[in-house]
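Structure first, then comments.
The values are calculated or read from the model by the stated rules, or taken from the named source; none is laboratory data. Here the structure is a predicted model, which means the values were calculated and not measured. Every residue, glycine among them, receives a Cβ derived from its backbone with ideal geometry; neighbour counts consider all protein chains shown.
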Amino acid sequence: MTLQQTSTPALGRPAKRRDNKRLWQEMAMIAPAFLLMAIFLITPFLLSFWTAMTNQPLVPRPTPVRFVGLLNFERVFTDPLFWTSLWNVTRFTVWVLPLQCGLAFLTALLLHQKLPIQNLLRGLFFLPAITSMVVVCVIWGTLFQYPSGPLNQIVGFLSGGTIQPIDWLGDPNWAMFSIVLLSAWQAYGFQMIIYLAGLQGIPEELYDAARIDGASALRRFWHVTMPGLRPTHVFVLVITTIQAFKLYTQVAILTQGGPNESTETVVHYMVRAGFEEQKLGYASAVSVILFVIVLLIALLQRKLLRRFDV
Amino acid sequence: MGNRLLSTIFASAALVATAGFAEAKTVIHVMHQGDPGWVKAYGDVAARFEAANPDVDIEMIYAPHDAYNEKFSAAVMAKQLPDIMELDAPFLANYVWSGYLQAVKPLIDKDLLDDMTDSNIAQGTYPIDKDLYAIGLTDSSVVLYGNKKYLEAIGARIPKSVDDAWTREEFEGYLEKLSKLEGVKWPIDTFRGYGIKTEWITYAYGPLLESAGCDLIDRKTWKASGTLDGEACVKALTMMQDWVKKGWVVPTSSGTNQFYAEGQPAALAMGGHWFYAEASAAMKDNVVVMPLPKIGDKGVSPNGTWIWGISATSENPEIAGKFLSFLLKDKDYREYAKTQSAYPGLKSFAAASPLYAEGGPLAIAFEQASKTAIARPPHPAYPTITSAFMQAVDKIFNGGDAQEALTAAAKKIDEDIEDNAGYPPFDEQQ
C-alpha cells in the first residue's frame, strides 16, 4: 500500500508524457480506419441525408432537381405501406431472433462436446451459412412449392394426410413465417461460430472447481456456462437484430413483398422506390429513417442488457 | 530490380498496344433480355454479322428480364449506355422523354420500315413528336386458351372470332361450371406464377379492366386520381378478387404450367401468344384459342413487346442501324421466332407465319390486335404507373380492400407526375 502511494507521484510526470505519446500513436493507428469510414460510411450517410431532401431521380432527367425540404419524410410517414413494412420486419425479427439464436446456441453446445468427428460436424452445420442466400432461396423456393412441393409432402406424411397442403409463400398468413424458417436455417451458422468461440473462452478451471464442489451438469451449465457467455449473448442478440432489420434478399427473390404486402420490408420498400420508381430522394429518406430506427434499437438493447448486468 | 521494373513496363506497354489494336474494330454494345433460346439466337446473329463485317465487333450484354429496367438505369448512371438496347414498348415514352434514345427512321433499311405493321409502328412511336424510336420483328397479344375436352364437357360456346368473344356473364358462368367439373382443380390460370412484380400484371390484366370501363390513368389530363381509383376500376378489380376468392384462379406459387401439367388441372388460361408453343407441344389438338372475354361493352386486348432502339449517346448510330436491319432480316432468327409462336410485327414475317394467317390457330390473336388492342399509357411516368398498379393488384388479389389499394396507387402516380413538373410537354397534352 505504502509502496504504491510513494511510487505513483514519482512516476507521474513521465507517465503523462508517455500517455500523450501513446495517444498520438493510437490516433495514427486508427487514422486509416477512420479515413475509410469517413469515405465509405459517413460521407454517403450525409449525402443520403441531403438527397432525402430533394426530388432527385435515379437517372438524370430533363426536369430540374429541386430542394423539397422534409416533403419526402412526410410522404414516407404518411404511406401506410411504409408502416406495414416496418411492422413486417419487426415481426420477422421477433420470430427469427429466438429461432436462429436458439438453434445456434444448441448446436454450439452440441458441437462443443468432445466428439470424434467434431470438425466434420462443425463444417456440416456451418455449411448453410457459407452458401449464397440466392442459392438457398432458389432451393427453398422449390421446397415450398404449392401444392405438391417436398415440404408439403413431408407435412402431409407426418400428419397422416390430415393437414392440407400449405401455400407457404402464397398465403399472406404463412409467407413471412416461411421466410423466417429459411432465414434462420441459412444464417444460424454464423451465430453458432460466435457461441463456439464464447464457449471456448470459458476457462476450464471454473468447470473443474465446480465439479470439485459437487455441482451437477445442469448446475454447471447455469452457474458457469451461462454467466461466462453473457458478452456473447449480448453481441449475438444485437448483431442478429440489426441483420434481421435489413431483410431483403429472401423477399426480393421469393415473394417480392407479397402476397398482400405481408412480406414487404423496409429495405425492399426502399429498393422499390429507388430503382423501380426511380425516386432516389424518396428512397434516401427511407434509408435515413431505417438508419435511425436501427440505431435506436441497438442503443435500447445495450441499455436494457446493461440493466440486467450483462 | 530495375530490370524487373523495366520488363513490367514493356509488358504493359505491349498489352496496351494490342488492346489498342483490337480497339481498331468498331465495337457495338447491344443490351438485351430473353430466355436462353432467344439469347442464343441473338448471339448467332451477332456472329454472322461480324463475319460479314470484319471491322465490327458486336458485344452482347445480357440483363435478366425482371430486373432489366433497373439494370438499364444503372447503365445510365455509369454513363455506359449501350449502342443498341432492347426495351419494353410501354417504357419507350420514359426513355425518349429522358433523352436516351434517338429517332431510328434514317438509320434502318427502308424496306424494313415499309414492312412494319401498324401496331408495330405504334409501339415504337413517341406520342409527342410522332417519330419512330424503336423497331422490332414482333408484337404481342394475350388470348384465352381453353382445354377443348373440358369446354365440351360443360357445353361452352367456343367463339370463332373477336366479335363474338364471351361476355362477362358467359365467362363467369363457365368458370363456375368448370370449378365443379371432375379433373379441374382451377378453372383458369391467369399466370400469377410470373410473380407480383412483373410487367405481366399491367400488360395482361389492364385490358380486362379497360374492357370494364376502367383505365390506369386518364389519358387526356394524365391524372390517375379519379380514374384508377374510380368506381369502374374498383368494381372491375373486385370482380377479379372474387374469382380468386372462389378458388377459380391458379395461385402464384403453383408455377406457370398448370394448364398443360400432368392431369391438366387448369381448364382455361389467359396467356400470352408465346404460351401457345408450350401448350400445343404438350396438349396437341386439345388446345383452343379464343379472344379475351368482353367484361363490359367493348373487348380490349394488349399489345407491345420488347423492341430495339438506338441510344442517343451511340457513337456509331449508322452501324447500329445496320446491325438492327441485319438482325430483323436474319432468316435463322425469324425461324427461331416462329418456333416460339412469335407474334409478327413485320408483314413479310406475318406472311411466313402460318400460325397467325387466316385459319391458323393464332389468327384470333392477330385479329385482336387490329380490332381491340389498346396500348399501355404512353407516358414518361409509366415506370411508376405500372409499379403502383402491380402493387395494388397483388394487394387486392390477396384479400385487400380494392378502393384502398387503388387510392394509394393513384396517389403515388400523381405524386410522381407532380414531382417531375408534369413531365413537360405532357402537361400540355389536353
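What to note about this one:
- For the stretch B:293-341, residues that are farther than 24 Å from B:GLN368 by Cα, part of a strand (DSSP E or B) and β-branched (Val, Ile, Thr) total 1.
- The condition (being surrounded by 24 or more Cβ atoms within 10 Å (Cβ to Cβ) and in contact with a strand residue (DSSP E or B) (Cβ under 7 Å, 6 or more places away or on another chain)) is satisfied by just one residue among B:ALA369, B:ALA409: B:ALA369.
- Subset of the stretch B:120-136 [outside any strand (DSSP E or B), buried (at least 20 other Cβ atoms within 10 Å of the Cβ) and small (Gly, Ala, Ser)]: B:GLY124, B:GLY136
- Any hit, the stretch A:266-283, residues being over 23 Å from B:ALA74 (Cα atoms), within 11 Å of chain B (Cβ to nearest Cβ) and not acidic (Asp, Glu): no
- Complete set of residues in the stretch B:193-239 that are within 14 Å of another protein chain (Cβ to nearest Cβ), out of contact with any Ser or Thr (no Cβ under 6 Å at 6 or more places or on another chain) and in a helix (DSSP H, G or I): B:TYR194, B:TRP200, B:ILE201, B:LEU237
- Any hit, the stretch B:342-364, residues being at pLDDT 90 or above, under 27 Å from B:VAL56 (Cβ atoms), part of a loop (DSSP other than H, G, I, E, B) and away from every other protein chain (no Cβ under 14 Å): yes
- From A:ARG230, A:ARG306, A:ARG211, residue being more than 14 Å from every other protein chain (Cβ to nearest Cβ) and at pLDDT 90 or above: A:ARG211
- A:GLN164 meets each of the listed conditions (1) within 14 Å of chain B (Cβ to nearest Cβ); (2) part of a helix (DSSP H, G or I); (3) surrounded by fewer than 20 Cβ atoms within 10 Å (Cβ to Cβ) apart from (2).
- Residue ID - farthest from the other protein chains (Cβ to nearest Cβ), chosen from residues in the stretch A:42-58 that are crowded, with 17+ Cβ neighbours inside 10 Å and of a type in the set (Val, Ile, Thr): A:THR51
- Scanning the stretch B:47-70 for residues that are touching a strand residue (DSSP E or B) at 6+ places or on another chain (Cβ under 8 Å) and among the charged types (D, E, K, R) turns up B:GLU50, B:ASP55, B:ASP57, B:GLU59.
- Where A:PRO227 falls short, out of the listed (1) under 22 Å from the mean Cα position of the chain (by Cα); (2) free of Cβ contacts under 8 Å to residues at least 24 places away in the same chain: (1)
- The listed residue being within 14 Å of chain A (Cβ to nearest Cβ) and either in a loop (DSSP other than H, G, I, E, B) or hydrophobic (A, V, I, L, M, F, W, C) (or both), out of B:VAL39, B:VAL76: B:VAL76
- Considering residues of the stretch A:78-107 that are within 14 Å of chain B (Cβ to nearest Cβ) and assigned to a helix (DSSP H, G or I) only, the residue surrounded by the most Cβ atoms within 10 Å (Cβ to Cβ): A:SER85
- Taking the stretch B:413-430 as the range and being in contact (Cβ under 8 Å) with a residue 40 or more places away in the chain and part of a helix (DSSP H, G or I) as the test, the residues that pass are B:ILE413, B:ASP414, B:ILE417, B:PHE426, B:ASP427.
- Of all residues in the stretch B:137-167, those that are touching a helix residue (DSSP H, G or I) at 6+ places or on another chain (Cβ under 7 Å) and outside any loop (DSSP other than H, G, I, E, B) total 10.
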